[in-house]
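The values are calculated or read from the model by the stated rules, or taken from the named source; none is laboratory data. What you see is a predicted model, and the numbers here were worked out from it, not measured in a lab. A quick note on method: Cβ atoms are made from the backbone with ideal geometry, for glycine too, and the neighbour counts reach across all protein chains shown. Ligands, DNA and RNA are stripped out before the accessible areas are found, and what is left, the full protein with its side chains, is counted by its heavy atoms. Shrake-Rupley method; radii C 1.70, N 1.55, O 1.52, S 1.80 Å.
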Amino acid sequence: ASGIGHPIIGLDHLAVLIAAGVRAAALPVGGGVLAVLAFVFGGFAGSLLHVAGIGLGPVEALVALTVLVAGVALLRRRLPTALLPIAFAVAGLFHGHAFAEAIIGAEQGPLVAYLAALALTQAAIGLGAMILARRFGSRLPQLRPVTGVCAAVLGGLFLAMALVA
């Protein structure tokens, strides 16, 4: 249940997944799916690094920074699309590392269940946001800035909170 709930109730995680999905909607279908799945696989790798005891620095601040950057990316008209899957994977790495806080010390069965549920939930949110953004194709130029501002503001707030804490 935690693997399903964490990406939904963690506002920073939900914001970056929605922003990633909306940004991926501007890519060709295969490229959009690849970009969203790069985030999911990056998250899986980040979780495994945390479970293995490998730290990535101030993860909460880095997670907040990825939300801020995702928002800013939506506000830009043109971005090098070839780099998006790499950027999504790096963002996922930090989010996955943060997600793993919930499973430290878990036995193998619950650990596998958590990671599987987490990956499926993230994929569903990111791909769902991409599909919905594509359905609003003619409105995508208006949807991107609104989503971008929301994500950038949330990212900025979370970053300020992480730096103060």
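The requirement of being over 14 Å from the mean Cα position of the chain (by Cα) and assigned to a helix (DSSP H, G or I) is fulfilled somewhere in the stretch 117-129, by at least one residue. When the stretch 101-116 is limited to residues that are modelled with pLDDT of 85 or more and open to solvent by 20 Å² or more (accessible area, probe 1.4 Å), the one that is nearest to V33 (Cα to Cα) turns out to be A116.
With respect to A123, determine if the residue is open to solvent by less than 50 Å² (accessible area, probe 1.4 Å) and at pLDDT 95 or above. Spell out the reasoning first.
Numbers: open to solvent by less than 50 Å² (accessible area, probe 1.4 Å): yes; at pLDDT 95 or above: yes.
Yes.
Kindly check whether there is at least one residue in the stretch 68-80 that is touching a helix residue (DSSP H, G or I) at 6+ places or on another chain (Cβ under 9 Å), farther than 30 Å from P141 by Cβ and at pLDDT 95 or above. Checking the stretch 68-80: not a single residue is touching a helix residue (DSSP H, G or I) at 6+ places or on another chain (Cβ under 9 Å), farther than 30 Å from P141 by Cβ and at pLDDT 95 or above. If the condition is being closer than 18 Å to T66 by Cβ and of a type in the set (G, A, S), then the stretch 113-165 contributes A119, A123, G126, A129, G148, A151, A152, G155, G156, A160, A162, A165. Would a scan of the stretch 136-151 turn up a residue that is modelled with pLDDT of 95 or more and either surrounded by 21 or more Cβ atoms within 10 Å (Cβ to Cβ) or touching a Pro at 6+ places or on another chain (Cβ under 8 Å) (or both)? Within the stretch 136-151, one or more residues are modelled with pLDDT of 95 or more and either surrounded by 21 or more Cβ atoms within 10 Å (Cβ to Cβ) or touching a Pro at 6+ places or on another chain (Cβ under 8 Å) (or both).
When restricted to residues that are touching a residue at least 12 places away in the same chain (Cβ under 8 Å), under 24 Å from P141 (Cα atoms) and not aliphatic (A, V, I, L, M), the stretch 8-53 contains 7.
Being open to solvent by 20 Å² or more (accessible area, probe 1.4 Å), in contact (Cβ under 8 Å) with a residue 24 or more places away in the chain and in a helix (DSSP H, G or I) is a property that holds for L154.
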